[in-house]
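Read the structure below first, then the notes.
The values are calculated or read from the model by the stated rules, or taken from the named source; none is laboratory data. Because the structure is a prediction, the values reported are computed rather than measured. Quick reminder, even Gly has a Cβ in these numbers, built from the backbone with ideal geometry, and neighbours come from all protein chains shown. Keep in mind that these areas ignore ligands, DNA and RNA; they rest on the heavy atoms of the full protein, side chains included. Shrake-Rupley method; radii C 1.70, N 1.55, O 1.52, S 1.80 Å.
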Protein chains: 2
Amino acid sequence: MNNTPAAIITIGDELLIGQVIDTNSAWIAQQLNKLGIDVLRRIAVGDDKQAILGALDEAILAHKLVIITGGLGPTADDITKPLLNEYFGGTMVVDQRVLEHLKDIFTKRNRPFLERNMKQAEVPDVCEVLFNRMGTAPGMWFRLQDVVVIALPGVPFEMVSIMEEEALPRLQQEFSGGYIAHRSIITAGEGESFIADQLQQIEESLPAIVKLAYLPGAGMVRLRLTGRGPRREVDEVLNKAHREIIEKLGKIVLATEDIPIEQAVGDWLRAHSKTLGLAESCTGGNIAHQITQVSGSSDYFTGCIVSYANSVKHALLGVKEETLAAHGAISEEVAKEMVSGALRVLGTDYALSITGLLDKGGESEILPVGTVWMAVADKESIFARKFYLPYDRKRNKEMATTMALLLLWKFMNKQL
Amino acid sequence: MNNTPAAIITIGDELLIGQVIDTNSAWIAQQLNKLGIDVLRRIAVGDDKQAILGALDEAILAHKLVIITGGLGPTADDITKPLLNEYFGGTMVVDQRVLEHLKDIFTKRNRPFLERNMKQAEVPDVCEVLFNRMGTAPGMWFRLQDVVVIALPGVPFEMVSIMEEEALPRLQQEFSGGYIAHRSIITAGEGESFIADQLQQIEESLPAIVKLAYLPGAGMVRLRLTGRGPRREVDEVLNKAHREIIEKLGKIVLATEDIPIEQAVGDWLRAHSKTLGLAESCTGGNIAHQITQVSGSSDYFTGCIVSYANSVKHALLGVKEETLAAHGAISEEVAKEMVSGALRVLGTDYALSITGLLDKGGESEILPVGTVWMAVADKESIFARKFYLPYDRKRNKEMATTMALLLLWKFMNKQL
C-alpha cells in the first residue's frame, strides 16, 4: 500500500464569501481516487498572497501531489500565476502555442486582441504547460523535488478539459497508486440507525481492508463500502459484503450501485419496456429535468406538462373546473385528475403528477406551507399520497422531486 | 477594522473522494460574511482521527472562530463527537432535552428507539448544546480561551436550522465584526478582458477600501465590488463605483445586483405585467425549473410543455408532421412552430422554445452533437437562433438553459 497523498487548494474570494459553490474539488477528488491517489485534504483560500503561500507551503510539506485551481484569469484579482512563478523561481516567457491559440479564439469571437491578453500567453519557464483547449488560461505542471504541483484555471469546464486531456494521463504514469475500490447500495424507506442495527453483524465481521460508510439523504440512505489493498482480495471481500448487505436489507434496496433515483426509475422503465409521462405543478419541471439528466431517457420518457396555472391544468390535462373550485388546486382530487390527464394526453404506460404549496403564497391561508399531493398511475390503478415538507422553497422542491420519484419507483415495484 | 478571522472544517470521506459536493461551507461562509466575520480558510478532511485533530489544531491556532460540520451521526463512521469530547477534556453525559426530542422523533416515525440512538443524546459536559430541531444529532458550542469552536451535523438542512436558530444569534452577540459590503453587476455578451479594458480607469481610481472581482460564467460575467472599513465611507464609495460601472458598460448590463438570469427575466415580466410560456425539448424541463425557482413566479409563468417525443411536439404544440419529416426535430422550422404553439396553447404574451441534440443519439449521424435551435416570440414577431454547445450532456443542458433565458431577455429588451 503506497497510495500517493494529495491535497487540493482552491483559490478565490468568491469561495470564502460563499458566492460560488466549489464543484471542482469534488470532481478532481473523484478522478484522483480512480488512480489510487488519496486526497487527504482540501483547502480553500482567498485571493490573498500570504494565504495562498501558506496553504502551498503546508500542502507541499505533507503531500506528494498538490492541485491548485483558480486565480489564473487576466483580470486584476487573479494573482496565482505570477505568485507561482516567484515561488518556483522562474521567469515569465510567452508560450508560442498558447499565443496562437489565444489569437485564434479572439479572431473567432470577433474581439480585439488586447495588451492584457498577451499576458495570458505568458507562463513561468520552470513549468510544463498543460494546454487549455477550452479557454484562454493555460494549466501548469511544476515539480519541487519529488512533489508535483499542478495549477489549473477555476472555470469548471476548462479545468475538466485540461485534467482529462493533459494532467490525468501524466499523473497515471507518474504515480502507480495502490488499488482502491468502492461498492454502493441505495436504500429507501428506513433511517440510518435502523439500517446500522440490521447490518451490525455484517459490519463487525468486515476485514480491516474494508470500511462501511452511511450517507443519509432525502428519504434514502446510501451505503458505501470502500476497500483498499491487494486487488484480488479487495474485490473478493467487497463483492461478498455487497451481496450480504443487499440480501439482508431486502426490499428497502433501491439500487445496488451509486446511481441517482432518476436513473433507478429509468433503468426499471427500460428493462420493462414501459414509458413515462409527467404532470408537474409545484415542482415546476424539476422532475422532468431530473429524468432527462439520464442519457438515453428519450427511450422511455415522452414528455411533461408543467401546469403552473390552473388554466393550464384545465386546458391541457383536463382537470375539471368544478374539481378545482371544490377542492382547490392542492388536493387529492386534482392530483388524480392531473395524473389521469398525463396518462391520456402523453400516451404513456405510467404517469406521475404533483401539486403543492412550496412557500408562502395565495393558498397558504387555507393550507399549511409545504403541503404536497402526488399521484401515480398506470392503466389499471391510481394511487395518491400527501406529504408535508418543512423547508424553504428550493429545498422543498428538491425534496418533493425525490419523494415523487421514490413514490413512482415503489408503485412500479408494487410496494404501495 | 477588527474582523474576526474564521475557519470552516468539513469532515467526511465522501468529500475527499468527491461523492458529495460541499454546499455547507458556501452557505456558512455567506452567513458569517454578513456578520463581518471573515472566513480565511476552508479545510476538508476525511473521517480520520489524526487528520481531524491536525486540522483542528491549525485552525484554533490562527482563527478566533472554527466551525466544524459532519461526523456527528450515530453510525460507526462518525467519530467527531467523542473526539471533540476528548480534545476539550470533557465527559459524555446524556442531555435530557435532546433525549426527549429523540424519543419524540422515533415515536412519530413509528420506529423503535435503539441502544445506539441513546448515544445520540450524549454530549460532552464541556459544551453548550445547540438544539437540532430538524434532526437527531445536536450541535455543540465549545470555548478554548478566546476561540469559539462550533460543531454541527453535516446534513445540510439540519446544519442550516441549527445555525439560524441557535448559532448565528450567539455569534452576532459574541463578535462585533467590522463592516463589509458588496455590490454586484451582471453583464451579458462581452468577455472578461473586454470588460476589464472598459473599466480600467474606474478600477485604477478605486480607493484601497474597495476591491473589484470578475467572475465569468456561461455567456455572462459577474462583477463584484467589495468594500470594508467605516460604514458610511464604504457605502458611499461602493455606490459611486457601482453607478459609474453601470453607466460605463451601458446595454451589456443585465442586472445591477447579484441575481440569477431567471430572476432578471422574472423581474422584467412582473414590471411589464407580461406572462411567459415555454416549450422545451432538449432541456427537458430545466428552463421551467429555473423560472420556478423564483418565489412568486406564478404571477407571470403559466406553464411549459416538455415535448421530448416528436409525437408530443405534434399533439400538444401543433408542430406539423410534414415539418418534422422535412427538416428534422432540431431545426429552425420546428423551433418556430414550437414557440408559436406554446404562445397559443399556454395563452401568454411571450414564449420561448428550444430543441437540440445534447449528446450522442439518434440524430447525431446527420447533425453535430451540441446543435441547438431556440426561438422566442411575442404576438407580433418571432426570432430563432442556432447555437453549438461543446460540452457533455449535463453541462450542455445547463448552458442551453442560460443561453435561452439570455436570448429571451434580449428579445424582451429589443436587443436582437
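Odds and ends about this structure:
- Of everything in region B:26-38 that is open to solvent by less than 10 Å² (accessible area, probe 1.4 Å) and closer than 16 Å to B:LYS64 by Cβ, the residue that is modelled with the lowest pLDDT is B:GLY36.
- Residues that are at pLDDT 95 or above and over 11 Å from A:ALA279 (Cα atoms) within region A:348-367 comprise A:THR348, A:ASP349, A:TYR350, A:GLY356, listed in sequence order.
- Flag if A:VAL94 is surrounded by 21 or more Cβ atoms within 10 Å (Cβ to Cβ) and within 23 Å of A:SER161 (Cβ to Cβ): no
- Members of region B:156-185 found to be surrounded by fewer than 19 Cβ atoms within 10 Å (Cβ to Cβ) and of a type in the set (Phe, Trp, Tyr), listed by number: B:PHE157, B:TYR179
- Region A:260-271, subset in contact (Cβ under 8 Å) with a residue 24 or more places away in the chain and open to solvent by 20 Å² or more (accessible area, probe 1.4 Å), residue farthest from B:LEU317 (Cα to Cα): A:PRO260
- Filter result for the condition that a residue is open to solvent by 40 Å² or more (accessible area, probe 1.4 Å), over 23 Å from the mean Cα position of the chain (by Cα), modelled with pLDDT of 90 or more and of a type outside the set (Asp, Glu), over A:VAL126, A:VAL149: A:VAL126
- Residue in region A:75-96 that is in contact with a helix residue (DSSP H, G or I) (Cβ under 8 Å, 6 or more places away or on another chain), at pLDDT below 90 and hydrophobic (A, V, I, L, M, F, W, C) present: yes
- Count - residues of region A:377-416 that are part of a loop (DSSP other than H, G, I, E, B), open to solvent by less than 80 Å² (accessible area, probe 1.4 Å) and more than 14 Å from chain B (Cβ to nearest Cβ): 5
- Within region B:179-196, the set of residues being outside any strand (DSSP E or B), touching a helix residue (DSSP H, G or I) at 6+ places or on another chain (Cβ under 7 Å), of a type outside the set (A, V, I, L, M) and within 18 Å of B:VAL253 (Cα to Cα) comprises B:GLY189, B:GLU190, B:SER193.
- Hits in region A:33-67 (condition: among the hydrophobic types (A, V, I, L, M, F, W, C), closer than 27 Å to A:ILE17 by Cβ and within 21 Å of the chain's Cα centre (by Cα)): A:VAL39, A:LEU40, A:ILE43, A:ALA44, A:ILE67
- Applying the set (1) open to solvent by 30 Å² or more (accessible area, probe 1.4 Å); (2) under 17 Å from B:ILE150 (Cβ atoms); (3) in contact (Cβ under 8 Å) with a residue 60 or more places away in the chain to B:ASP13 leaves exactly one unmet item: (2).
- The residue that is nearest to the other protein chains (Cβ to nearest Cβ), counting only those in region A:1-20 that are aliphatic (A, V, I, L, M) and in a helix (DSSP H, G or I), is A:LEU16.
- Residue in region B:170-183 that is out of contact with any Leu (no Cβ under 7 Å at 6 or more places or on another chain), at pLDDT 85 or above and not hydrophobic (A, V, I, L, M, F, W, C) present: yes
- Every residue from region A:29-45 that is facing another protein chain (nearest Cβ under 7 Å) and either over 16 Å from B:ALA51 (Cα atoms) or of a type in the set (S, T, N, Q) (or both): A:ALA29, A:GLN30, A:ASN33, A:ALA44, A:VAL45
- Of all residues in region A:176-213, those that are more than 9 Å from every other protein chain (Cβ to nearest Cβ), touching a Lys or Arg at 6+ places or on another chain (Cβ under 7 Å) and within 30 Å of A:LEU65 (Cβ to Cβ) total 3.
- Contact map, region A:299-320: residues that are more than 7 Å from every other protein chain (Cβ to nearest Cβ) paired with residues that are in a loop (DSSP other than H, G, I, E, B), Cβ distance under 6 Å, separation 6+ or inter-chain. Pairs shown: A:TYR300/A:THR275; A:ASN310/A:ALA329; A:LYS313/A:VAL319.
- Looking at A:THR23, A:THR69, A:THR75, just one residue is open to solvent by less than 30 Å² (accessible area, probe 1.4 Å), at the interface with chain B (Cβ under 7 Å from one of its Cβ atoms) and closer than 30 Å to B:VAL210 by Cβ, and that residue is A:THR75.
- Any chance B:GLU58 is open to solvent by 10 Å² or more (accessible area, probe 1.4 Å), farther than 24 Å from B:ASP146 by Cβ and in a helix (DSSP H, G or I): no
- Selection status of A:PRO216, away from chain B (no Cβ under 14 Å) and outside any helix (DSSP H, G or I): no
- Restricting B:ALA351, B:ALA325, B:ALA335 to residues that are open to solvent by 20 Å² or more (accessible area, probe 1.4 Å), of a type in the set (A, V, I, L, M) and either facing chain A (nearest Cβ under 10 Å) or not in a loop (DSSP other than H, G, I, E, B) (or both) narrows the list to B:ALA325.
- Failed condition for B:LYS64, given (1) within 11 Å of chain A (Cβ to nearest Cβ); (2) crowded, with 16+ Cβ neighbours inside 10 Å: (1)
- When region A:219-228 is limited to residues that are over 20 Å from A:ASN33 (Cβ atoms) and more than 10 Å from every other protein chain (Cβ to nearest Cβ), the one that is farthest from the chain's Cα centre (by Cα) turns out to be A:GLY219.
- Flag for B:LYS360 being within 10 Å of chain A (Cβ to nearest Cβ), of a type in the set (D, E, K, R), closer than 21 Å to A:VAL294 by Cα and in a helix (DSSP H, G or I): no
This table checks each residue for (1) in contact with a strand residue (DSSP E or B) (Cβ under 6 Å, 6 or more places away or on another chain); (2) over 17 Å from A:LEU407 (Cα atoms); (3) open to solvent by less than 20 Å² (accessible area, probe 1.4 Å); (4) among the hydrophobic types (A, V, I, L, M, F, W, C).
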{"position": "A:GLY277", "(1), (2), (3), (4)": "yes, no, yes, no"}
{"position": "A:THR283", "(1), (2), (3), (4)": "yes, no, yes, no"}
{"position": "A:ILE287", "(1), (2), (3), (4)": "yes, no, yes, yes"}
{"position": "A:ILE291", "(1), (2), (3), (4)": "yes, no, yes, yes"}
{"position": "A:SER295", "(1), (2), (3), (4)": "no, yes, no, no"}
{"position": "A:CYS304", "(1), (2), (3), (4)": "yes, yes, yes, yes"}
{"position": "A:ALA309", "(1), (2), (3), (4)": "yes, yes, no, yes"}
{"position": "A:HIS314", "(1), (2), (3), (4)": "no, yes, no, no"}
{"position": "A:LYS320", "(1), (2), (3), (4)": "no, yes, no, no"}
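- Single unsatisfied condition, B:ALA167 versus (1) assigned to a helix (DSSP H, G or I); (2) out of contact with any helix residue (DSSP H, G or I) (no Cβ under 8 Å at 6 or more places or on another chain); (3) within 10 Å of chain A (Cβ to nearest Cβ): (3)
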